[in-house]
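None of the figures in this text is laboratory data; all of them are computed from the coordinates on show. All figures in this text were calculated on a predicted structure; none of them were measured in a lab. Cβ placement follows ideal geometry from the backbone for every residue including glycine, while neighbour counts extend to all protein chains displayed.
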Ligand code: PGA
């Protein structure tokens, strides 16, 4: 496992406001203890309304707090949206974008998702950009083609920008959609092939940015040791198992 391995707890909409505060409060000391042992970082991603209190709770600690999505606009008449500046103002330092559940639910395009990443970088928030193929695409051998198309608009914009953000290390999370919440994880050699392609592809298309890679999709204490052996990954994006502190802890440890 690499140094500075990142464990991102994606609570999704599973913990409504009161429950998320109760969960985090009741494990406050455990989270802090977990984050101070070893060379890793932990990011908690509650729903929007939980961000401010959870940032406040952990502000004197090495824990990070992230959002689960943001608007592709910076300000204006966008009812129901939360912009990157608000996330920055509440003290959020990470933000997941392009999660397959958001892509599906809101019909988000690759262009919009790329725009979100750029705005997040502009507001000093580390984007965690999710990419991944459906089961059908996987079966038809289209994985790399899908990932390439999902990443293309981002690299196009970045390559026209004169300023990059060398101090931020944005993340790309490979999450095969058929692995999310299903208990199915791809074989390690398949994952290894995808990550080695991603490393080359990113290096070729965005050489100035120190991208890091995450794996997401049914990470559990039972499979995390094996997944940590994947040489090219820098962390996990964890959904279901992050809702049970003991299971999350076992994954981290
Ligand atoms: P899961 O979710 O760990 O429950 O599969 C991962 C994710 O959706 O980020």
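As an exercise, use a Förster radius of 45 Å and the Cβ-Cβ distance of residue 60 and residue 140 to find the FRET efficiency, rounded to the nearest 0.05.
0.35
Given a cut-off of under 8 Å on Cα pairs at least six residues apart, what relative contact order in percent is computed for the chain?
Once divided by the residue count of the chain, the mean separation gives 20 percent.
As a test of the formula, what do you get for the chain when each DSSP H run with n ≥ 4 contributes -39,500 (n - 2.57) and the sum is divided by the residue count, at 222 nm and rounded to the nearest 500 deg cm²/dmol?
-13000 deg cm²/dmol
Using only the Cα atoms of the chain, what are the Rg and Dmax in Å?
17.1, 49
May I ask for the distance between the Cα centers of the range 19-97 and the range 202-253, given as a whole number of Å?
18
Normalised by the empirical 2.2 N^0.38 Å for globular proteins, what value does the Cα Rg of the range 212-253 take?
For the range 212-253, the normalised Cα radius of gyration is 1.06.
Based on Cα coordinates alone, diagonalise the gyration tensor for the range 105-227, multiply each eigenvalue by 5, take square roots, and list the semi-axes in whole Å, largest first.
The equivalent ellipsoid of the range 105-227 has semi-axes of 25, 16, 14 Å.
Tell me the Rg and the Dmax, in Å, that the Cα atoms of the range 176-253 produce.
13.3, 40
Principal axis lengths of the range 82-140 from Cα atoms, whole Å, largest first?
Sorted largest first, the three principal extents are 43, 18, 17 Å.
How would the range 56-111 be classified by its alpha-carbon gyration tensor: rounded, prolate or oblate, with rounded meaning a/c under 1.5 and the a/b versus b/c comparison settling the rest?
oblate
Taking the Cα-to-Cβ direction at residue 232 and at residue 29 and moving 7 Å from each Cα, how far apart do the two end points lie in nm?
Calculated label separation equals 4.3 nm.
Tell me, what are the semi-axes, in whole angstrom and largest first, of the equivalent ellipsoid of the range 1-79 as set by the roots of 5 times the Cα gyration tensor eigenvalues?
24, 16, 11
Just need log10 I(q)/I(0) for the range 145-210 at q = 0.14, 0.16 Å⁻¹, Debye formula, equal scatterers on the alpha-carbon atoms, no solvent, rounded to two decimals.
-0.51, -0.64
Restricting the calculation to Cα positions, tell me the Rg (one decimal) and the Dmax (whole number) of the range 42-174 in Å.
Rg then Dmax for the range 42-174, in Å: 15.2, 49.
Note the full-extension length gain between residue 48 and residue 182 as 0.36 nm times their separation in residues minus their Cα-Cα distance, in nm to one decimal.
Contour length minus Cα-Cα distance gives 45.7 nm.
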